[in-house]
Each structure stands twice: as C-alpha cells, then as structure tokens.
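Please read the structure below before turning to the comments.
Each value in this text was obtained by applying a stated rule to the coordinates, not by laboratory testing. Not measured: the values here are computed from a predicted model. Ideal geometry is used to build each Cβ from the backbone, glycine not excepted, and the neighbour counts take in all protein chains shown.
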Amino acid sequence: MIAPSRRRAARGRRPVALVLPAVCGLAFLVVPLIGLLVRAPWATMPSRLFSSEVGQALRLSLVCASAATVICLVFGIPLAWLLARAELPGRGIIRALVTVPLVLPPVVGGVALLLVLGRRGLIGRYLYEWFDVSLPFTTAGVIVAEAFVAMPFLVISVEGALRAADPRYEEAAATLGATGWYTFRRVTLPSVLPGVVAGAVLCWARALGEFGATITFAGNFPGRTTTMPLAVYLALESDPDAAIVLSLVLLAVSVAVLVALRERWIRGAV
C-alpha cells in the first residue's frame, strides 16, 4: 500500500512540460474575454444598453431562441428516446445524421434550409403555393434556423440521460399495466429531467448565439431578423463600442448558462 503522504506528493508533482502549455492554453481562452471587458465603454454602457437598437435585437433574440428551444423539446425528446431505447436498424447512421449540424458550418446549414424551405425549395414551394407561407427572411425563418443548429445539443444530452437511467422502473410500470405513453410521462421523463433541463439550456444558449444559418436563411432585417449576433456584426462596421456592448450581453448570457449548469458539469468534474 502506498502511504497517503506519498500519494499526495505524487499528485502534487506538476511537470513543467505540461504546466506551460496548459497555462498558455488557458491564457488563449481567457485573455480575449479580458480584453473585451477592458475595452468596454463603461461610461456610456447604461445609455447603450437601453437604446432602442439593443433592446430590439435583445427582445428578438430572446423570443426566437425560446421558440426554437420549444420546437427542439417537442421533437428532440422523442428523437432522443428513439435513439436510446428503440431497436432500430441503422441506429448509428441516424445518430450520425442527428449530430451533423454540430460539425456542419452554419452557413452551409442556412444554404441547405434555403434549398428545402425556400420559395423554390423542395418543401418550401408547396408551403408557398398551397398555404402562402414563406419562411426565408422572416422571424419564423430565424426560429427555424436556430432550431436546426441547436437541436443536436438537446438530443445528445437527453439520450445520454436516458442511457444512464435505470430501465427497471419502466419495466416495473409495464408489469403493473401502465401504457407506454403513461410510463414515459410518469416514470421515464421525471427520471431524466436533469438531462432534459441541461439540454434545453444548452439548446437555448446555442440558439441565442446563432449567426451563420440565421443570416443565410433569414437575412438581416432590423426588427424582423436582426438578432444579437447579427447586431454585433452590423455594429462592428459603424459603431465598435456598440458591438462591444452587445458582445458583453452575450458573454453575460454564456456565463449565466455555465452557472445554471454548474451542478451538472462544473462540480461534477471536481
């Protein structure tokens, strides 16, 4: 047996060859954020935060991200259950397709949405001809684009929670005569609720920060499709201080997401 003192000494050793790259990596991630705080126009911050442009972009971002998250919950939870519990042929391929938006450049996702849901798209042409519905360059288009890029975060989180859950409770409910839908609502879903909440928060944060697919599929029209990331892009050309203020708002949201998930990730890794 190794003595506790020797074990602590072994853990306390920090090879310089690992420490230096680690410090450099940490600086690479943190210094840009510090630079954002240093260059922020703190003197004019209140007036800029309460300006009509910032308020308009923030309200639109919050509404669209929340609506996209609801869509992801409605379709993502059943999809996660299908991947985790159902015996499907080619389930690995289906899972790979679900995760494609995670690695797909957002602009490419926006182009794909245009080709499918545009007025001349595979499905969009029928939506326009039969129901006079056109999604591109509208607020609804923003929601669709955000849901497209954000849903994989929810599906992965919920699927992981379902795989970690004990299936014996569901089996016990089935032996007592519970239907599949009742078992899912009263047994399965409550047992994976932390995973659902974590996935929803990540999904909402990803939707809030979406840029590439949004500008490609929905355009950049103030008051209608200009969300916070798009407003940052516009402000960089005319008013850099306003871009910094908008960036700080998004940074604050990101920090809030980390705080909300601290019990699941940060403390769990300690």
Original post:
Are there trypsin sites (Lys or Arg not before Pro) in the stretch 12-58 that DSSP marks as loop and that have at most 15 other Cβ atoms within 10 Å, and which are they?
Top reply: Arg13, Arg39
**OP:** Starting from the Cα of Thr99, step 7 Å toward the Cβ, then list every residue of the stretch 47-87 with an amide N under 13 Å from that point.
**Re:** none
**OP:** At q = 0.08, 0.14 Å⁻¹, work out log10 I(q)/I(0) for the chain with the Debye formula, treating every Cα as an identical point scatterer and leaving solvent out; two decimals please.
**Re:** -0.46, -1.10
**OP:** With a bin width of 10 angstrom, please list the P(r) values of the stretch 177-237 as percents of all Cα-Cα pairs, from the 0 bin to the one holding the largest distance.
**Re:** 20, 30, 18, 18, 11, 3, 0
Subject >> Set of the stretch 196-216 residues, backbone N closer than 17 Å to the point 7 Å along the Cα-Cβ line of Leu115 >> reply: 213-214, 216
Subject >> Cβ-derived FRET efficiency at R0 22 Å, Val259 paired with Leu29, nearest 0.05 >> reply: 0.80
**OP:** For an R0 of 25 angstrom, estimate the FRET efficiency from the Cβ-Cβ distance between Val63 and Leu127 and round to the nearest 0.05.
**Re:** 0.70
**OP:** Bin width 10 Å, alpha-carbon pairs only: give the P(r) of the stretch 24-127 as whole percents, running from 0 to the bin holding the largest distance.
**Re:** 11, 19, 31, 23, 14, 2, 0
